[in-house]
Amino acid sequence: MTLRKVEILVFLALTLVIAVPARAVASVLEAPFQEADGHDAAQEADEHRQNAGAEHAAEEAELDVVHHNSDSIYLDFSPFAIVELPRIFLVRRADDSIGVDFFWSTHAAVEAGGYLALEQEGDHGGILDAQLEPASGEIIMDFSITKHLVFAWIVMLMLLAAFLPLAARYKKGIGRETAPKGKFHNMLEALIVFVRNDIVRPSIGAKADKYVPYLLTAFLFILTSNLLGLFPFAAAATSNLMVTATLAMLSFVYTMMAGTKDYWKHIFWPPGIPILVKPILIPVEILGIFTKPFALAIRLFANMTAGHLVILSLIGLIFSFTNLFGPVVGWGVVPISVAFSLFIFLLEILVAIIQAYVFTMLSALFIGMAAAEHDHHEESHDHAQASLATVEAAS
Amino acid sequence: MIVAQNLLAPNWGLFVWMLVSFLALMAVLGKYAWGPITKALEEREKGIQDSMDQARVALEEAKAIQADNTKARREAEAGAQAFLRAAREDAEKLRNNEVEKTREQIQTMQEQARIEIEREKDSALDALRHQVADMAIVAAEKILHETLDADRQKKVVKDFLGGFSQN
């Protein structure tokens, strides 16, 4: 069989796999499919509110791509299962004491009393999407385990499971006294050496090795998260703004700690610039300190979210067309939708790798610019500028 | 309503969880994975570099030894050739001497032979002369027996023979 035939068969199989269950679900559900339509969503919510509590998220009629991509306090394996996650609240009670409330699930929190589900307009109904409020007192901070946190932990466990045995191999001498052996070993070593030799060292220079542990962990965490997000029923922790903000904040802290006297001088009193321009430039420089990590967080989050939104929207087109023009057109759209989402999916694989690289590269460059000494300032500055241009072109 | 409200809603609890988890991950990986791995990699890199340096030094040494060897061999060859040439020259000289000596010997022998022959010839001539004289006397005696006495005959023959030998 030629490759061409295999490709066509795979494509047809994918089409069926996506189309058949989707059609089945669509025909069972009476409510029309709409994409994130605020007005209809509100009506839906009203209906759901009438029998709140008994309602389940899996019975939702809407395919809301934004909702699917947002964080939630349950793991959505529908149509098979919905797994609720523990709720943990740091609360100030009515008597002004501070305490921690722990429940194994959202339902448990509501059923135990003490917490009320406040459903908001635009929610899809069901207790799982509701905001929980204590009957008395107030929540100081919501430490509930969320979907993205669970997947972040899964990624961390994967990293530990991959790299601790790898380190053990090196301790045994494989790779230290002999050449690295096996696919697993070579592949992971290539990643480590790539980050150290091609990202961190050229960007930071002499003091590079101090920052290798952070940048290596960040790179592998982001890469694994991004790729994990492409699996069915999984989610990318990096498509959560708070997760990317955490990473960006760490990059920020490292940049601040790396800052030399020179770096601060360039920000607060840039040399070689006319005195009249300084009042303009200094605020820009100060702002620049904060916009860099901000951009890091937004870039990663937006890239990871956008791809998923596009894939889901393309699949959603099938249902929109069915509702608008009838089932025949709906079926007709299936191959096109699948082809496009397949294309975006492949693009997503590329983006997953590029964004991990870009985040790490930019973090390393920011640290490198802050850590640069005056002697080779010009040189490393030039290098940084060149690298920055490359990275920005890539992203 | 903001469509993407859920996506952008800040969740500081998650932030804290992530911070703690990530720092813990970094600590564990840093201590038990990156540390040993990068150390091992550096050791290996150093090992490879050392081996290469050593190989380069060994190569230099080998080249030097080879050059020495070549030089020594050339010298030995040149020596052997010179020796051979000298031997050949000696042999040539010896042979020439030998030839010369033989030639001289032959010449001496030829000379001696010639002298011998000369002497033999002289003595033979003398003997011949005597015999001829005697025969002549005998013949003349027989012819002139009656006319001449012995002394007169001898004088006549001597005069005749004297003129003969001077020619």
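In table form, for the structure just shown:
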| quantity | calculated |
| --- | --- |
| Candidates A:317, A:296, filtered to the one that is crowded, with 22+ Cβ neighbours inside 10 Å and either in contact with a Pro (Cβ under 6 Å, 6 or more places away or on another chain) or of a type in the set (A, V, I, L, M) (or both) | A:296 |
| Candidate set from region A:82-96 (those that are within 22 Å of the chain's Cα centre (by Cα) and surrounded by 13 or more Cβ atoms within 10 Å (Cβ to Cβ)); member that is farthest from residue A:137 (Cα to Cα) | A:82 |
| Test: residue in region A:142-161 that is charged (D, E, K, R) and closer than 17 Å to residue A:358 by Cα | no |
| Test for residue A:175: is it touching a Leu at 6+ places or on another chain (Cβ under 9 Å), small (Gly, Ala, Ser) and more than 30 Å from residue A:308 (Cβ to Cβ) | yes |
| Residues (part of a helix (DSSP H, G or I) and either open to solvent by less than 60 Å² (accessible area, probe 1.4 Å) or outside the structural domain of residue A:361 (by TED's automatic domain parsing) (or both)) located in region A:256-285 | A:256, A:258, A:262, A:263, A:266, A:267, A:278, A:281, A:282 |
| Of all residues making up region A:166-181, the number that are open to solvent by 60 Å² or more (accessible area, probe 1.4 Å) and either at pLDDT 90 or above or part of a helix (DSSP H, G or I) (or both) | 3 |
| Count - residues of region A:161-189 that are among the aromatic types (Phe, Trp, Tyr) and within 11 Å of residue B:37 (Cβ to Cβ) | 2 |
| Options A:192, A:199; residue that is away from chain B (no Cβ under 11 Å), open to solvent by less than 40 Å² (accessible area, probe 1.4 Å), over 21 Å from the mean Cα position of the chain (by Cα) and closer than 25 Å to residue A:368 by Cβ | A:199 |
| Selection from region A:147-161 of residues that are aromatic (Phe, Trp, Tyr) and more than 10 Å from every other protein chain (Cβ to nearest Cβ) | A:151 |
| Some residue of region B:11-25 being free of Cβ contacts under 8 Å to residues at least 24 places away in the same chain, within 9 Å of chain A (Cβ to nearest Cβ) and in a loop (DSSP other than H, G, I, E, B) | yes |
| Of residues in region A:224-247 being open to solvent by 20 Å² or more (accessible area, probe 1.4 Å) and part of a helix (DSSP H, G or I), the one farthest from the other protein chains (Cβ to nearest Cβ) | A:227 |
| Residue selected from region A:101-130 under the condition open to solvent by 70 Å² or more (accessible area, probe 1.4 Å) and among the charged types (D, E, K, R), by the criterion modelled with the lowest pLDDT | A:121 |
| Residue A:133 being in a loop (DSSP other than H, G, I, E, B) and either among the β-branched types (Val, Ile, Thr) or at pLDDT below 80 (or both) | no |
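Quick grid of which residues meet (1) more than 30 Å from residue A:212 (Cα to Cα); (2) under 51 Å from the mean Cα position of the chain (by Cα):
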{"site": "B:41", "(1), (2)": "no, no"}
{"site": "B:49", "(1), (2)": "no, yes"}
{"site": "B:52", "(1), (2)": "no, yes"}
{"site": "B:57", "(1), (2)": "yes, yes"}
{"site": "B:79", "(1), (2)": "yes, yes"}
{"site": "B:94", "(1), (2)": "yes, yes"}
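The values are calculated or read from the model by the stated rules, or taken from the named source; none is laboratory data. Being a predicted model, the structure only gives us computed values, none of them experimental. So basically every Cβ, Gly included, is an ideal-geometry build from the backbone, and we count neighbours across all protein chains shown. These accessible areas exclude ligands, DNA and RNA; they are computed on the full protein's heavy atoms, side chains included. Shrake-Rupley method; radii C 1.70, N 1.55, O 1.52, S 1.80 Å.
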